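Structure record follows, encoded as structure tokens.
Please treat every number below as a calculation from the coordinates, not as lab data. Being a predicted model, the structure only gives us computed values, none of them experimental. Here Cβ is always computed from backbone atoms with ideal geometry, including for glycine, and neighbour counts include all displayed protein chains.
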Amino acid sequence: DLMVEIEDLEKLENSARRQRKLISDQLKDLSKKYGRERRTRLIDPDDIEVPEVTDLIPDYNIRIFLTEEGYFKKLALTSLRVNFDLKLKENDRIIIEEDATNQSELIFLTDKANAYKMMAWEIEDSRPSLLGEYTPNLLELEAEERVVCVHAATEPFEGEFIAVFANGKGVRFDASHYETKQNRRKLIKAFSDSSEIRLIRFRAEDQDPSFALQTEKGKMLIFDSSQLTRKITRSAQGTAVIRGAKKDPIVKVVPLEQIRGEIEDETYYRVQTLPGSGRYIREKTLEGRQLSLID
């Protein structure tokens, strides 16, 4: 009767063992009536495979561009399959163009000898009709700091960087100096800051691009990147590329390909060994152009 049921419930309330048995019996009854085979499986925490971030990020081919005024474009190659014109600001021009993937690591080098690193997938794909990302805003650069080089790297970092300075010196060093185990966003003293940088570029192992430099007094010298001295540290200034730079510093260095079509007498300025003395720019060198490398 009711009193017996109340007494039994009070005993149940005071017995943890009876409570567990009651719950167990009820669950077994529910399992018999409504049970289905398990659709999931239990996994030991030690056996759980945590995916890498890159496993969740789509990888596809891209092309990156850096302009002289500091705009960076990241374009999917699929957007470049047809004839296209890249939008640039008036008087701006592309100084670096590289093929990469969405999972490449981007290394931005600045005139303050800093390196800023980002993953390509962190930057939204642009379109040819857009200016792209303004690097001082993208990287939160210091005041008056500007990007002078960008390279898309994949692990392990291979190849070299070449650098030429206003004081007439130049150097090569391994790109692996910028490979870090931690996800560091900024590296200081990314290269020598003892003299103003005039050019820094990536050099692939199977390439040997040539460059043309111009001095303050109007001398030109053409050299191959392999002629620069290779150093084991990224902060090394290297050795002399041109003589007399104390009184006649380097003001500009450009890839030879950029001006090759406008130079009729390339061999006149080319040197077999460094340092060279350079040659004063002849009128016919810039014939029909009426300007120098500085323009």
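Listed values, structure above:
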item	result
Sole residue being within 30 Å of LEU138 (Cα to Cα), among the β-branched types (Val, Ile, Thr) and out of contact with any helix residue (DSSP H, G or I) (no Cβ under 8 Å at 6 or more places or on another chain), chosen from THR215, THR233, THR229, THR180	THR180
Residues that are free of Cβ contacts under 8 Å to residues at least 40 places away in the same chain and part of a strand (DSSP E or B), drawn from the stretch 202-252	ASP224
The stretch 148-195, subset in a loop (DSSP other than H, G, I, E, B) and of a type in the set (Phe, Trp, Tyr), residue farthest from LYS112 (Cα to Cα)	PHE157
Inter-residue pairs, beta-carbon under 9 Å, first free of Cβ contacts under 8 Å to residues at least 12 places away in the same chain and farther than 19 Å from ASP85 by Cβ and in the stretch 115-139, second part of a strand (DSSP E or B) and hydrophobic (A, V, I, L, M, F, W, C), 6+ apart	GLU122/LEU106
Where GLN103 falls short, out of the listed (1) in contact with a helix residue (DSSP H, G or I) (Cβ under 8 Å, 6 or more places away or on another chain); (2) exposed (fewer than 12 other Cβ atoms within 10 Å of the Cβ)	(2)
Scan of the stretch 226-237 for residues that are more than 20 Å from GLU179 (Cα to Cα) and surrounded by fewer than 21 Cβ atoms within 10 Å (Cβ to Cβ), ordered by number	SER226, GLN227, THR229, GLN237
Among residues of the stretch 133-166, those that are loosely packed, with under 13 Cβ neighbours inside 10 Å and of a type in the set (D, E, K, R), counted	4
One residue from ARG243, ARG270, ARG172 being in contact with a strand residue (DSSP E or B) (Cβ under 6 Å, 6 or more places away or on another chain) and farther than 27 Å from SER104 by Cβ	ARG270
Any hit, the stretch 22-45, residues being within 42 Å of the chain's Cα centre (by Cα), acidic (Asp, Glu) and in a helix (DSSP H, G or I)	no
Residues that are hydrophobic (A, V, I, L, M, F, W, C) and under 12 Å from SER210 (Cα atoms), drawn from the stretch 238-274	VAL253, VAL254, LEU256, ILE259, VAL271
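Every residue, every condition in (1) in contact with a Cys (Cβ under 9 Å, 6 or more places away or on another chain); (2) among the hydrophobic types (A, V, I, L, M, F, W, C), yes or no:
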site	(1), (2)
ARG201	yes, no
ILE222	no, yes
SER225	no, no
ARG234	no, no
LYS247	no, no
